[in-house]
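Colleague: A single structure is presented below for examination.
The values are calculated or read from the model by the stated rules, or taken from the named source; none is laboratory data. All figures in this text were calculated on a predicted structure; none of them were measured in a lab. We place every Cβ from the backbone using ideal geometry, glycine too, and count neighbours over all the protein chains shown. Accessible surface is based on the protein model in full, side chains and every heavy atom, while ligands, DNA and RNA are left aside. Shrake-Rupley method; radii C 1.70, N 1.55, O 1.52, S 1.80 Å.
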Amino acid sequence: TLANNCYHSMFYNCTSLTAAPELPATTLANNCYHSMFRQCTSLTVAPELPATTLADDCYRSMFYDCTNLTTAPELPAATLADRCYRYMFNNCTSLKAAPKLPATTLAEYCYANMFYNCTSLKAAPELPATTLVDHYYCYYEMFYNCTSLKAAPELPATTLAESCYKSMFNGCTSLTAAPEL
């Protein structure tokens, strides 16, 4: 049972940390894992994250600047919370594959900056949500500067929100085709 901010920044800047502890919680609290492994530059594999009930900012910046992280965890939640994945893999320059993102109920800034500057990311996950109304900036800068990204995911949403796709693919210099809107 987690509490607000319980593991916030716990291993921040532990540059020699190579293995993460198990994180078995399935119901999260606000900011519970915020920046937990930020700047853990020796971490190559993320721990399993089985949570299906998220909270505001729960995974925010969790692996920010983990430049050697090559494997992302599964993210099974179907309903997201405000800023839950914001900056989660920001600057994870060795991350080659994104996890599946099955969520169909989004929240404000939920995916904002999630893969920002993940320069090795080659493929984007499917994004199945069809209604984005009231979920402002939900995909804001999601793939910003992902210079190896070759294909954009389908964007099936027909009901949009303010700035929902703003700068989503900004700087994706290898992208050769845009999704149908």
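Colleague: Tell me which residues come under 5 Å, amide H to amide H, from A123 once H is placed; ignore anything under 5 positions away on its chain.
Modeller: A98
Colleague: Still on this structure, please answer the following. Which entry is the computed Cα Rg over 2.2 N^0.38 Å for this structure: [x] 1.10; [y] 1.17; [z] 0.96?
Modeller: Answer label, from the structure shown: [z].
Colleague: I've got another one for you. How long is the gain from K166 to T27 if the chain were fully straight, where each residue apart is worth 0.36 nm and the alpha carbon distance is subtracted?
Modeller: 47.0 nm
Colleague: Along the charge dipole of the stretch 1-143, which of Y12, Y33, A55 sits closest to the positive end, that is, farthest toward it, with unit charges on the beta carbon of Lys, Arg, Asp and Glu (+1, +1, -1, -1)?
Modeller: The one lying farthest along the dipole's positive direction is Y12.
Colleague: What is the distance, in nm, between label points placed 7 Å from the Cα along the Cα-to-Cβ direction at A19 and at D134?
Modeller: Modelled inter-label distance: 4.5 nm.
Colleague: Which residues does a label at K122 reach in the stretch 66-97, if reach means a backbone N under 13 Å from a point 7 Å past the Cα toward the Cβ?
Modeller: Answer for this model: 95-97.
Colleague: Still on this structure: Sorting S167, S35 by accessible area (1.4 Å probe), largest first, what list results?
Modeller: Details: S167 40, S35 5 Å².
Result of the area sort, largest leading: S167, S35.
Colleague: Another question about this same structure. Go through K166, K150 and list them by solvent-accessible area, largest first, probe radius 1.4 Å.
Modeller: Result, largest first: K150, K166.
Colleague: I've got another one for you. Return a whole-number percent for the relative contact order of the stretch 25-181, with Cα pairs under 8 Å and 6 or more residues apart as the contact set.
Modeller: Relative contact order for the stretch 25-181 comes out at 17 percent.
Colleague: Once the other residues with Cβ under 14 Å from the Cβ of N68 are scored (Lys, Arg +1; Asp, Glu -1), what is the net sum?
Modeller: +1
Colleague: Same structure again: If you stretched the chain out fully between T147 and E74, how much longer would it get, using 0.36 nm times the residue separation minus the C-alpha to C-alpha distance?
Modeller: Separation in residues times 0.36 nm, less the Cα-Cα distance, equals 24.0 nm.
Colleague: Continuing with the same structure: Which residues in the stretch 78-116 have a backbone N closer than 19 Å to a point placed 7 Å from the Cα of L181 along the Cα-to-Cβ line?
Modeller: Residues 109, 111-113 qualify, since their backbone N sits under 19 Å from the label point.
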